[in-house]
């Protein structure tokens, strides 16, 4: 058996070990942060005894995996171009900041997935005693697969979030229109949507309200919401609201018009999907249904013809 797979595996392990050692040496805290926090409330012996119990009550991902990822993210951010980090931050914003993930942590996940798939395929191909060239190709293929899987997952999150916002936007505008017609202000109407709905659009409106309370103008908060969603319907709605605010047009009229337009667009999308359904159904019909029908209908005839011409 060729020693090349074990050499490659050893190099990967050495690189990971060196990276972890460097990250560990960069940590200049000699005091446990949990112990330091407990000391602020009184460093008694009882608290010291309960320190281990408190630490073990924290989930394993937050106690072990998350600190390692955060430490490695500091190292990753030093070697990743700033433009790449900004593009990743943009994608995470469009995905709704899943698990409050930062661009550096996302790149750590990407590199970890690349190393995991490469080592996994190296182990599998080495155990099955494949050729060295095939092992090298498998390791490279696994590394590429692990490198592209996290972006695919992130794009799926973005697509699902945008679809959910597009579907819920007309109903949200109807609710806001009712609230404004009942005498509430626009900000209070957004607050009603945030209170009643637990979805991506409701959380986006809640974020706008929080930013306004922190000192941003309504225009800036709505523009930030538009950039964090990236949906054309939301852009149209926010542009109409900002223009109405500048020109002094009644917000209730704008909301009524926008609600009617969004309902019409939703109906048109549903009709478009209904018209495209027969075309999409042809693929599974041609691959799975028609061959089965041919076998059931023509199978007995084929057996009879074979026995007639080639039988004894």
Taking segment 243-264 on its own, how many of its residues are in contact (Cβ under 8 Å) with a residue 24 or more places away in the chain and over 14 Å from residue 174 (Cβ atoms)?
2
Only residues that are within 20 Å of the chain's Cα centre (by Cα) and assigned to a loop (DSSP other than H, G, I, E, B): list them for segment 191-230, please.
198, 199, 230
Flagged in segment 70-95 as at pLDDT below 85 and either within 13 Å of the chain's Cα centre (by Cα) or not in a helix (DSSP H, G or I) (or both), in numbering order, are 80, 81
Check 125, 173 and return the single one that is within 30 Å of residue 252 (Cβ to Cβ) and assigned to a helix (DSSP H, G or I).
173
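The values are calculated or read from the model by the stated rules, or taken from the named source; none is laboratory data. Model, not experiment: these values are computed from the prediction. Quick reminder, even Gly has a Cβ in these numbers, built from the backbone with ideal geometry, and neighbours come from all protein chains shown.
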